Amino acid sequence: MQNGLAKISSTDDETTVKIKSITTQLSSMMKDKRRIDKRKYQQNDDDDIQQQSADILSRPFVTLAYAQTLDGMLAAITSDQTDALTKSTSNMLLSCPESITLTHHLRNIHDGILVGGSTFLLDQPRLNCRLSTSSTSSSFSIEDPMPIVLDTHLNNLQRLLFDDIISIEDNNMDIPEDISIDNIKAHNPIICCSSDAAKSFLDLLELFQDQHEVTKRKKRNKKSYNIIVTKKIDENGDVENEIYLPIKITLQVTTYNKKEDDTVEELVVTLLPCQIHTTHKSLCLRHVLHQLYNQFNILSLMVEGGSGILSSFLNECIVDETKKKKSSKIVDCICVTTTPKVIGGKWGLPVFRGLDILSGRTDRTYDTSKKNKKDDKDTDVSESFSDQMLNRMITFKDCEFVSLGQDSIFLGRL
């Protein structure tokens, strides 16, 4: 074992072949999808279809990839608190070594890897590609995907840096004395947030640096801070679009040592302001994907979780028959590692706890007018309900199950 990964040697040919087969299929899906969507856009004269095709072309290929237990749990809850701010989940290693190696191969073929703000805070993941040289061939290089975090209000980023959430609207707020850049393990992460949150965070950084300058004049501090903010400017002078341009923040922390050389640490994060969904008031995933594609040229995106993020992506793929114009789906593929373990419902965190296949309905009543002519019993109500549920279920195509170590890998196209 090295870095938690399985070493693949000449004796592991079967594992190597299976991993290569999965990654090759996924790479082919990416190329085929892009080619088919481009052809549809060029050949179709229908404005609605052209608009849908244009939306698809301006977003990355999206793969949901995660590990779950046999009973569909993503992790174990470590607290029975009902408060969302105090509830946390453990960073459990569910997969076998071979499956973990597959995960890093999947990261290697995607341009970006995305997690939610809670996962970013609780697990402090590196979000990189960790493959030993013995697990790769000379035919391709190892490249880290861009780490991407969804943090609507930047509350999780604040907790990581300041160990608190600070509101600049609070007249009695306490400006933190230090910035803990060591808590962020990912290299140069992109933090997707609302435009208001980005503005407030920049104001907070300015107040922090101003306070530090005042205290620095009074006494020699053990640390000094240098904060550099670089914002992209819209070349066309579009003020409305300018609020959604990336903001690069460089945090430099110098620690003064009496007996040793001073140490300088640096953290770079990029804020990517995105639109807010009009209904659930969190980030609009379609705009997030559009931003990642256009601002950072991310053509393929691997979504690893957590539960709320995975559910949100699939919720956007549910067909809403109440809308005249159907929105295009935003998930292309799913790759699930199922491990032969069971957590149970009391302490387990379900993978799709937030998924609602009946979302978009104005009511939750069901059509009971369809009667079973052969039977006038109450069963026809449940049959009508079942029909509606079956019609709205998310169904995957071109599905394949592959055994890998003790785990089972499911690969399917949406």
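The values are calculated or read from the model by the stated rules, or taken from the named source; none is laboratory data. What you see is a predicted model, and the numbers here were worked out from it, not measured in a lab. Counting neighbours? That spans all protein chains shown, and the Cβs are built from the backbone with ideal geometry, glycine included. Areas reflect the complete protein model, heavy atoms only, side chains present, ligands, DNA and RNA absent. Shrake-Rupley method; radii C 1.70, N 1.55, O 1.52, S 1.80 Å.
The figures follow:
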| read-out | value |
| --- | --- |
| Residue match in region 20-31 (condition: open to solvent by less than 40 Å² (accessible area, probe 1.4 Å), assigned to a helix (DSSP H, G or I), out of contact with any Gly (no Cβ under 9 Å at 6 or more places or on another chain) and at pLDDT below 85) | no |
| Every pair of residues 6+ apart whose Cβ atoms lie under 6 Å, when the first sits in region 150-178 and is closer than 16 Å to Ala198 by Cα while the second is among the aromatic types (Phe, Trp, Tyr) | Leu154/Phe201; Asn156/Phe120 |
| Residues (under 28 Å from the mean Cα position of the chain (by Cα), surrounded by fewer than 13 Cβ atoms within 10 Å (Cβ to Cβ) and of a type in the set (D, E, K, R)) located in region 233-258 | Glu240 |
| Output for region 260-315, where each listed residue is on the phi < 0 side of the Ramachandran plot, of a type in the set (S, T, N, Q) and assigned to a loop (DSSP other than H, G, I, E, B) | Gln275, Thr278, Thr279, Ser282 |
| Those residues of region 49-68 which are surrounded by fewer than 21 Cβ atoms within 10 Å (Cβ to Cβ) and either modelled with pLDDT of 95 or more or among the acidic types (Asp, Glu) (or both), in sequence order | Asp55 |
| Residue check for Ala84: within 22 Å of Ser311 (Cβ to Cβ) and modelled with pLDDT of 95 or more | no |
| Output for region 148-183, where each listed residue is over 18 Å from the mean Cα position of the chain (by Cα), in a loop (DSSP other than H, G, I, E, B) and charged (D, E, K, R) | Asp163, Asp164, Glu169, Asp170, Asp174, Glu177, Asp178 |
| Residues of region 192-208 that turn out to be surrounded by 20 or more Cβ atoms within 10 Å (Cβ to Cβ) and among the charged types (D, E, K, R), as a count | 0 |
| Filtered residue count, region 266-298, keeping only those that are open to solvent by 30 Å² or more (accessible area, probe 1.4 Å) and either within 15 Å of the chain's Cα centre (by Cα) or within 15 Å of Val115 (Cβ to Cβ) (or both) | 4 |
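Okay, residues lined up against (1) at pLDDT 95 or above; (2) more than 30 Å from the chain's Cα centre (by Cα); (3) outside any strand (DSSP E or B); (4) surrounded by 15 or more Cβ atoms within 10 Å (Cβ to Cβ):
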{"site": "Val342", "(1), (2), (3), (4)": "yes, no, yes, no"}
{"site": "Gly360", "(1), (2), (3), (4)": "no, no, yes, yes"}
{"site": "Thr365", "(1), (2), (3), (4)": "no, yes, yes, no"}
{"site": "Lys370", "(1), (2), (3), (4)": "no, yes, yes, no"}
{"site": "Asp376", "(1), (2), (3), (4)": "no, yes, yes, no"}
{"site": "Val381", "(1), (2), (3), (4)": "no, yes, yes, yes"}
{"site": "Ile394", "(1), (2), (3), (4)": "no, no, yes, yes"}
{"site": "Asp398", "(1), (2), (3), (4)": "no, no, no, no"}
{"site": "Leu411", "(1), (2), (3), (4)": "yes, no, no, yes"}
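Residues checked against (1) modelled with pLDDT of 95 or more; (2) in contact with an Asp or Glu (Cβ under 6 Å, 6 or more places away or on another chain); (3) under 25 Å from Tyr225 (Cα atoms):
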residue: Lys258; (1), (2), (3): no, no, yes
residue: Asp262; (1), (2), (3): no, no, yes
residue: Leu267; (1), (2), (3): yes, no, yes
residue: Leu272; (1), (2), (3): yes, no, yes
residue: His277; (1), (2), (3): no, no, no
residue: His280; (1), (2), (3): no, no, no
residue: His287; (1), (2), (3): yes, no, no
residue: Asn294; (1), (2), (3): no, no, no
